[in-house]
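The structure under discussion appears below in the form of structure tokens.
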Amino acid sequence: MKIRTKKIISLALALACSVSFFANSSINASAKSSKKTSNNIVVVLDPGHDTTHLGCHYQNFEEGIANLYIAYYCKNELEKYSGVTVYMTRYDFGCAYGANPDSSADCLTGRVNFAKSVNADVLVSLHNDYDPDLDLSQNGAKVIIPNPNFKPACCQKGMALGQSILTELTSTGLKVNDWKLCPNGTGIVTRDSDNGKYPDGSAKDYYALINKSKSLGFTSVIVEHGFCTNESDRINHLSTPEQYQQLGIADATGIAKYYGLKLKK
Ligand SMILES: [Zn+2]
């Protein structure tokens, strides 16, 4: 999730130019349509990482770029359905929403606050993984969901949504990852904070995005598509725009099926 290395900032910025067309996606137009109707679902897609927190990089793989591609394709696919409004938390590599560009924590908080501001039903954070011990056999997809503490409805929703997304991702050929930090064999995992507590004294979720969203009253999940440190995942799923598109479509299909969305006529 987090290898932070200043030396690749310049590379990331250079590569940002290659995906600058994302910026053409209309943030302004989307913001104007933020009014939520009773039967409209608001989904906020969060392409993980930015220049404050670059994510995993291994060989020619740069996570912040891959996540942006996947989110872009996911948004395009999800917008083929009616009854859903889709936002992205970033369209380039900067720290969004005017947060302190030296603070990855502030940038994360900005993403959650943005989701709250548009009445998000769910915040879906899109990532790719690496094995910190460089165990190259670690592979596959998983979804990190809220733990059952404090607001158990967030956990229940995350579990159902996460399973729907994971089912679609494995249909692309990705395996289910049995995360060694929280192994349970299902690919649907929670991770508790070591020390942080919710107001009721129960253990906080480890990931800030998830615990901040829960505190604000909505569900957030983290989708880890594959391992950049695994050769099969990297070559077969994380190397080309077409492969990122396949993952984005799988995410969107999983989200649409969870909500029972219908394709536009
Ligand atoms: Zn990540």
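Structure data summary
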| item | result |
| --- | --- |
| Sequence-distant residues sharing a close amide H with residue 226 (under 5 Å, placed H) | 129 |
| Compactness index (Cα Rg / 2.2 N^0.38 Å), the range 38-259 | 0.94 |
| Inter-probe distance in nm under a simple model that places probes 7 Å from Cα toward Cβ, at residue 137 and residue 215 | 4.0 nm |
| Surface accessible to a 1.4 Å probe, per residue, for the residues of the range 38-259, Å² | 37 Å² |
| Amide proton proximity set for residue 81, modelled H, under 5 Å, gap of 5+ | 264 |
| Portion, in percent, of the accessible area of the range 107-244 that falls on carbon or sulfur, probe 1.4 Å | 51 percent |
| Directionally averaged shadow of the range 190-265, computed from the convex hull of its alpha-carbon atoms, nm² | 7.8 nm² |
| Computed label-point distance, nm, for sites residue 264 and residue 156 using a 7 Å Cα→Cβ extension | 3.3 nm |
| Too-long pairs where the Cα-Cα distance tops 25 Å, listed order kept, from 180/204; 157/262; 116/204 | none |
| DSSP-loop GluC sites (Glu not before Pro) across the range 47-85, with at most 15 other Cβ within 10 angstrom | 79 |
| Extension reserve of the residue 80-residue 60 stretch, reckoned as 0.36 nm per residue once the Cα distance is removed | 4.0 nm |
| Computed label-point distance, nm, for sites residue 116 and residue 197 using a 7 Å Cα→Cβ extension | 2.2 nm |
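The values are calculated or read from the model by the stated rules, or taken from the named source; none is laboratory data. Owing to the predicted nature of the structure, the values given are computational and were not obtained by experimental measurement. Because the Cβ atoms are built from the backbone with ideal geometry, glycine has one as well, and the counts that use them run over all protein chains shown. Heads up: the accessible areas ignore ligands, DNA and RNA and are worked out on the full protein's heavy atoms, side chains in. Shrake-Rupley method; radii C 1.70, N 1.55, O 1.52, S 1.80 Å.
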